[in-house]
């Protein structure tokens, strides 16, 4: 079994406030972190997130806001940290690219690559998209528009420094083929392989002259240039958890990362630039890179540039935190694109949370209150004899094979959050069906106390197991269920998810 788990989100760009896309990646990382802490222990899991704060886009946004670049970044960082607190994100570290530990590591990496001959000076003539912070060659640009964001690009001609991506293209192609789990899901791996097989890489321009862009990390061997934002930002994954020693060898307890998590639009930077940078530095590869899909609004990607952002704070205020977390990870298989609508949130809320989970907990507590004066029947008191349906449920959750826990856990470890939640809901629905078929009110009417005790015991065990498996996804709900259920005596409160009017 793995002894540690290091997971990262991308660094979020601070040119504007966070939106649903940022929260989707970060909540997914939070679920994995919470699950792995339960499996490996708190001390063996490290969850990194943070902000990307350099570049021309930030410089321009700061000017528009009449702030310094650092002052502007400081303001937006607070919004990210407030949102992560509001979404119950359990990160271990929050790194900023303006921090000294990061600046030092970037400079060390640049110095090592320069001395190795993998960085050289040359003239760059081509296109630059400021919103995407991306260089483009003539064949990629259509009518002077960026192929990604479709906005106007700028023609630039300047002397810069370049990193030899081309030198390592064959190595990267072989590495991806030899390590089938390196890029996930498979569709993204095939996308990267096709790109590498059909295109010759261009060396990466990794600097801008200071007279063109002052907001960045100066190159240690060329102080008149600052580091290209994408080279700078990617280094955070190692700058946060280790450092180079005097001999230029990188040392860290946490590296390699078990998982880099991101949206699909930045896959190429993570699956092409980053592994080549690491390989050139003599650093081990991360185990996996997973690029998930986008949230769409009326078939258009939700993004700051399109101006169709969904504010997570608004959705949480209307429907509750755990309902938001649940919806994002249940509604769409992780990796695919999904369409967001409040109608879909309400439907999930009423069907899954109010009717299924909330109803099971509330009706069980009501029966314990009514038939046992709020005292949970002691399952060890005498021999419990379950009926066939009850025994089947007990076998699933507490049998020798622990089928329920295994299928839920395997789905999480496969990054299939929707399937994991489906498995949890299968047990919830099985328990609700068991209530309808057993008709406990008849058992009470006929004074069948042993049968009623066995029946309630099944429901209590289901609820405890469901609460435990839900913890990574819906930590507040999990705690509330266990608190209401109590240990020996219930603490029944209001229904967890009051039904919403659509």
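What the table below lists for this structure:
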{"quantity": "Principal semi-axes in Å for the range 342-485 [√(5λ), Cα gyration tensor, largest first]", "calculated": "27, 18, 13"}
{"quantity": "Contour minus Cα-Cα distance for residue 75 and residue 425 (0.36 nm per residue)", "calculated": "121.9 nm"}
{"quantity": "Using alpha-carbon coordinates, inclination of helix 417-438 to the longest axis of the chain, degrees", "calculated": "10 degrees"}
{"quantity": "Angle between the chain longest axis and helix 100-116 axis [Cα atoms, degrees, rounded to 10]", "calculated": "50 degrees"}
{"quantity": "Computed E for residue 437/residue 137 - FRET, C-beta separation, R0 60 angstrom, nearest 0.05", "calculated": "0.35"}
{"quantity": "Helical mean residue ellipticity (222 nm; -39500 (n - 2.57) per DSSP H run of 4+; nearest 500) of the chain", "calculated": "-14000 deg cm²/dmol"}
{"quantity": "Computed over the range 5-310: relative contact order in percent, which uses C-alpha pairs under 8 Å that are six or more apart", "calculated": "22 percent"}
{"quantity": "Proxy reagent accessibility, fewest Cβ within 10 Å first, across 165, 67, 48", "calculated": "67, 165, 48"}
{"quantity": "Anisotropy class of the range 5-310 from Cα gyration tensor, a/c 1.5 cut", "calculated": "rounded"}
{"quantity": "Spin-label proximity, residue 100 to the range 226-244 - amide N less than 17 Å from point 7 Å beyond Cα toward beta carbon", "calculated": "239-244"}
{"quantity": "Cα long-axis angle, helix 449-470 against the chain (0 to 90 degrees, to the nearest 10)", "calculated": "10 degrees"}
{"quantity": "Estimated distance in nm for a label pair at residue 4 and residue 487, the labels positioned 7 Å out from Cα along Cα-to-Cβ", "calculated": "3.5 nm"}
{"quantity": "Contact order normalised by residue count of the range 37-128, Cα under 8 Å, 6+ apart, percent", "calculated": "33 percent"}
{"quantity": "Mean Cα-pair separation over length for the range 342-485, i.e. relative contact order, pairs under 8 Å, 6 or more apart, %", "calculated": "28 percent"}
{"quantity": "Extension gain, residue 66 back to residue 446 (0.36 nm per residue minus Cα-Cα distance, nm)", "calculated": "129.1 nm"}
{"quantity": "Principal axis dimensions, largest first and in whole angstrom, of the range 121-280 by Cα", "calculated": "41, 40, 26"}
{"quantity": "Residues 149, 75, 129 arranged by fewest to most Cβ contacts within 10 Å", "calculated": "75, 149, 129"}
{"quantity": "Along each principal axis, Cα extent of the range 72-168, largest first, Å", "calculated": "45, 39, 26"}
{"quantity": "In nm, spacing of pseudo-spin labels at residue 314 and residue 336 (7 Å Cα→C-beta vector)", "calculated": "2.7 nm"}
{"quantity": "Label-point separation, residue 413 to residue 265 (7 Å along Cα→Cβ), nm", "calculated": "3.4 nm"}
{"quantity": "Packing-based exposure ordering (other Cβ within 10 Å, fewest first) of 274, 441", "calculated": "441, 274"}
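Read-outs throughout are calculated quantities, based only on the coordinates presented, and are distinct from any laboratory measurement. Quick caveat, the model's predicted, so the values are computed rather than measured. Don't worry about glycine lacking a Cβ; one is built from the backbone with ideal geometry, like all the others, and counts go over all protein chains shown.
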